[in-house]
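Every number in this text was worked out from the coordinates using simple rules, so none of it is lab data. Model, not experiment: these values are computed from the prediction. Neighbour counts run over all protein chains shown; Cβ positions are idealised from the backbone, glycine included.
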Amino acid sequence: MSTHTARRAGATAGHDRDRGTVPERTDFRRAMGLLPTGVAVVTVGCGEQTEAVTVGSLLSVSLDPALVLVSLGSTGRLVKAIDRVGGFAVNVLTTDQSDLSACFASHDRPHGRGAEERLGGVAGASGHVLLRDAVLSMECRTEHRYPGGDHVLFLGRVDALHTAGAAGSPLVHHRGAYTSLKDPC
């Protein structure tokens, strides 16, 4: 097993933890790419108000109450939209939806009716777009909002949960590419 550790100039082996080594942005991104993550599209609103973005940072936080955490770039449109309406939906993508992931990960992604049409979803009871073929969709209202470096962390209380009857395999991102889970049988 080989190991490469990014060190701050002047740091010595064995003393990194004591000195608070800070990795370079690209090294940190590459290292975190080693952790497989599920892929989801967070949506806010519907119709002309639709905003959506792809995320790989989704975490189940609590069962009682049901809480999830998503991390969004602090300067993005979604942060403003969530702050305005007080909630969002999370749609966990299937392996057949990698094109949606790529589309909504781009800086020039559609918004408004164009986003709603591209997603092919329907508005849930919360007023946020839900993807018909997602592995699961959650309608959330903002419980808390936390600053997180260049991101904002939203803790959402799950008010409604929708799972597909014959859900496909979840889309996974690993080492900079899409992949899927292998059936162990």
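Summary of values
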read-out	value
Computed over the stretch 27-179: relative contact order in percent, which uses C-alpha pairs under 8 Å that are six or more apart	31 percent
Estimated FRET transfer efficiency (His107, Ser62; beta-carbon r; R0 41 Å; 0.05)	0.80
Formal net charge of residues neighbouring Gly76 (Cβ-Cβ distance under 15 Å; K, R +1; D, E -1)	+1
Chain lengthening between Ala125 and Arg175 when straightened (0.36 nm per residue, less Cα-Cα)	14.4 nm
